[in-house]
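These notes are about the structure you will find just below.
The values are calculated or read from the model by the stated rules, or taken from the named source; none is laboratory data. Small disclaimer: the values here were computed from a predicted structure and weren't measured. So basically every Cβ, Gly included, is an ideal-geometry build from the backbone, and we count neighbours across all protein chains shown. In case anyone asks, the SASA skips ligands and DNA or RNA and just uses the protein heavy atoms, side chains included. Shrake-Rupley method; radii C 1.70, N 1.55, O 1.52, S 1.80 Å.
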Amino acid sequence: MLAVAREVQIPLLAVLLIGSCAAKAGRVIGARSIDEGIGPTAMFPLPLRRPAAIAICGYELALGIGLLLTAVRIGAGWPADAVRVAAALLFWTAVGALQELRTRRPGEGCGCFGDLSGTPVNWRTISRAALLGAAALASIGAPQLHMLSSPGQAAGAIALTVAELALLAALSPEIGQVMVRLGHAEPCELRRVPVARTLAALRSSAPWRQHSPYLISTTPTDVWREGCWRFVVYPGVLASRRVEVVFAVYLMGRRVPVRAGLVDVDTPTPAPLQRRYSSLTVYKKNTILQNKINIPLNGPG
């Protein structure tokens, strides 16, 4: 039974690694940018996030495929052990990286499975990585996959697989996110959307390319959210006058609508608005709307 348990780890680890890479790729495709910073890659300097994210996803995909290929006769011997050692190294490195992420950026998700891994890293996430590291170590030296010789062995393999999957599910915050998404469609007004994803969608849009020549800085001076839209303000210059370039980014969908407008900084705030609103942010939003930039508050239509 111990030998069967070791053999079970190989396809299980392979599926998880390939699935993790696919989920990360789906997140990048949804945001249309790889610079968003996924899990531990968010601790890297911005110029290194792209190569780090590509390296991690490529490493996971290569290991997943390698585990499957070396689980049969074609990869018997030292190639199989080398791939399993590399998988164990990945998971135990992840334990340390997740602990560091939890200490330095406690509100950040692990990004293990893309959008589903937005829950801040906790002991469950770290324990799951340690469990998978132990499973990878246990698979080293295991024989190639083969047909089980008796119904009893098959039943034992199924029971072990179900028990391990149940334990992994108990340690996975992503299961709760899956159940929530299957249970109901969360309104966009209530859905949590990271600012980094909004900025990534903005910088890949046509309005950004059209207005970026006017910007004097790529660091926003103000960011706020109104319903299904997030407003982002950048300082700029147009015809020797100081302006604010204000973008509105819709928070739902893959190809999100983006609107843009220019607000003259030298234009004084109207007195009625000064008395009615104490927030400069509210004044900016109303200025954009008065300029007829067609930014509906509840949808892009």
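Would you be able to say whether some residue in the stretch 25-45 is open to solvent by 30 Å² or more (accessible area, probe 1.4 Å), modelled with pLDDT of 65 or more, out of contact with any Gly (no Cβ under 7 Å at 6 or more places or on another chain) and not in a helix (DSSP H, G or I)? There is at least one residue in the stretch 25-45 that is open to solvent by 30 Å² or more (accessible area, probe 1.4 Å), modelled with pLDDT of 65 or more, out of contact with any Gly (no Cβ under 7 Å at 6 or more places or on another chain) and not in a helix (DSSP H, G or I).
In the stretch 232-247, the residues that are in the same structural domain as LEU215 (by TED's automatic domain parsing) and open to solvent by 60 Å² or more (accessible area, probe 1.4 Å) reach residues that are at pLDDT 90 or above and small (Gly, Ala, Ser) with C-beta atoms within less than 8 angstrom, at least six apart or across chains, in these pairs: ARG242/GLY236. Being open to solvent by 30 Å² or more (accessible area, probe 1.4 Å), modelled with pLDDT under 75 and assigned to a helix (DSSP H, G or I) is the filter here; which residues of the stretch 50-78 pass it? Matches in the stretch 50-78: ARG73, ILE74. Among the residues examined, ASP81 qualifies as modelled with pLDDT of 85 or more and open to solvent by 50 Å² or more (accessible area, probe 1.4 Å). Filtered by the rule that a residue be over 20 Å from PRO120 (Cβ atoms), open to solvent by 50 Å² or more (accessible area, probe 1.4 Å), of a type in the set (A, V, I, L, M, F, W, C) and at pLDDT below 80, the stretch 173-210 gives LEU182, ALA185. Being within 26 Å of GLY66 (Cα to Cα) and open to solvent by 50 Å² or more (accessible area, probe 1.4 Å) is a property that ALA94 lacks. Applying the criterion of being modelled with pLDDT of 85 or more and open to solvent by less than 50 Å² (accessible area, probe 1.4 Å) to the residues of the stretch 135-160, the residue that is nearest to ARG73 (Cα to Cα) is SER139.
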